[in-house]
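This report concerns only the one structure given below.
The values are calculated or read from the model by the stated rules, or taken from the named source; none is laboratory data. For clarity, every value in this text was computed on a predicted model and none was experimentally measured. Don't worry about glycine lacking a Cβ; one is built from the backbone with ideal geometry, like all the others, and counts go over all protein chains shown. Heads up: the accessible areas ignore ligands, DNA and RNA and are worked out on the full protein's heavy atoms, side chains in. Shrake-Rupley method; radii C 1.70, N 1.55, O 1.52, S 1.80 Å.
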Amino acid sequence: MSALQGNVALVTGAGQGVGQGIALALATEGVDVAVVGRTVAKLEATCDLLRERGVRAQPYALDVLKTESIAPLVDQVAADMGRLDILVNNAYSGNYGKLLDIDLKSFTKGYVSGPFAAFEFMKAAHPHMVAAGGGSIINLVTSAMVRWDLSTYGSYASAKSALRSLSRTAAVEWAPDGIRVNSVAPHALSPGLKWWTENNPEEAEEFVAAIPMKYIGDPETDIGRAVVALCGPDMRYLTGATVPLDGGQAHFG
C-alpha cells in the first residue's frame, strides 16, 4: 500500500496537461483528487480517468482570476472529501511578449492567476492541513526565471519568481505546522507545447537539442511522478526547495 493512500489532493488546472498528469500520478498512489479548473467538460474527463484508477475524484469549476472564490472552494473541497493533505498550484493565465508590448492589465493578470491565487489557496488550505496532521504544497514555477535571455519571458518569469518567493516563505513559516512547501519548474508536453512543436518543427528541434536529456517531459511519468515523490514521506525533510524537472536544462543556484 502506498504511503499516500487515502490522502486528498486539490490540483488546479487539472483538466489537461501538467495538472492532469500530476492528478493521474497521485491517483495511482491511491490519492483522492479534487480536480479544479475552468472548463467543466475537461474536468469531468479527468475525473473519469482518475476514477478508473480506483480513487474518488470530484470536479470543481473555478477561474483562479476570481480570487474571492478560492477560500470558499477550498473549504468546500475539505468538507466534501473529508480532509485536505496535498495542494498543487498549477493553474496560470498570463502573457508572453516584450515588455513594451504588454500593458499593465495583461501584466497584472499573470500575478493574479499566479502568486495571488496561490496565496489564497495556500492560506485557505493551511487549517485543513493542520487538522489532517500536516500536508504538502507544490507550486509550479518555471526555468524561465533563470534564463540568461529573458526577452519575451519577463511578465511570465516575474510572476513565477514571486510565486517561488512565496513558496519559500510559507515553507519556513509553516514548517512547525507540519506543512512542507516546494516548487517545481517543469518542461512538459502540454497541449499548448505539443501544438507549438508540431507547427514549428525547426524551432522545436532546437529547443529539444538544448535539453541535455534530449526530450520534453511527459506530464504524468516525468512531472507527476516527481510530485508524488515530493509529497511522500521519503522527502519529509525537504521544504522550501525549487526542483527543476526539465531534463537538466536550467541551473538554480
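Observations
- Scan of the range 68-93 for residues that are open to solvent by 40 Å² or more (accessible area, probe 1.4 Å), part of a helix (DSSP H, G or I) and not small (Gly, Ala, Ser), ordered by number: Glu68, Pro72, Asp75, Gln76, Asp80
- Yes/no for Ala131 being modelled with pLDDT of 95 or more and open to solvent by 30 Å² or more (accessible area, probe 1.4 Å): yes
- Listing of strands (runs of 3 or more DSSP E) fully contained in the range 1-66 that carry 3 or more residues being within 22 Å of Ala188 (Cα to Cα): 8-12, 32-37
- Here Ala188 fulfils each of the conditions (1) open to solvent by 20 Å² or more (accessible area, probe 1.4 Å); (2) more than 23 Å from Phe116 (Cβ to Cβ) apart from (1).
- On inspection, Ser106 does not qualify as small (Gly, Ala, Ser) and under 24 Å from Val243 (Cβ atoms).
- Residues in the range 156-181 that are crowded, with 23+ Cβ neighbours inside 10 Å and either within 30 Å of Lys214 (Cα to Cα) or in contact with a Pro (Cβ under 6 Å, 6 or more places away or on another chain) (or both): Ala159, Lys160, Leu163, Ser167, Val181.
- Residue tally, condition closer than 24 Å to Ala226 by Cβ and either part of a helix (DSSP H, G or I) or hydroxyl-bearing (Ser, Thr, Tyr) (or both), over the range 94-118: 5
- Cβ-Cβ under 9 Å pairs, at least 6 apart or on other chains, the range 50-66 side in contact (Cβ under 8 Å) with a residue 12 or more places away in the chain, far side part of a loop (DSSP other than H, G, I, E, B) and open to solvent by 60 Å² or more (accessible area, probe 1.4 Å): Leu50/Arg56; Ala61/Arg38; Ala61/Thr39; Leu62/Arg38; Asp63/Arg38; Val64/Arg38
- Some residue of the range 67-76 being modelled with pLDDT of 95 or more, touching a Ser or Thr at 6+ places or on another chain (Cβ under 6 Å) and under 28 Å from Ala159 (Cα atoms): no
- Leu193 meets the conditions (1) touching a strand residue (DSSP E or B) at 6+ places or on another chain (Cβ under 8 Å); (2) closer than 18 Å to Ala14 by Cα; (3) open to solvent by 30 Å² or more (accessible area, probe 1.4 Å) in every case but one. The failed one is (1).
- The listed residue being among the small types (Gly, Ala, Ser) and either modelled with pLDDT of 95 or more or under 23 Å from Val8 (Cα atoms) (or both), out of Ser183, Ser155: Ser183
- Ser167 out of contact with any Ser or Thr (no Cβ under 9 Å at 6 or more places or on another chain) and not acidic (Asp, Glu): no
- Of the criteria (1) surrounded by fewer than 18 Cβ atoms within 10 Å (Cβ to Cβ); (2) within 23 Å of Ala157 (Cα to Cα), which one Gly21 fails: (1)
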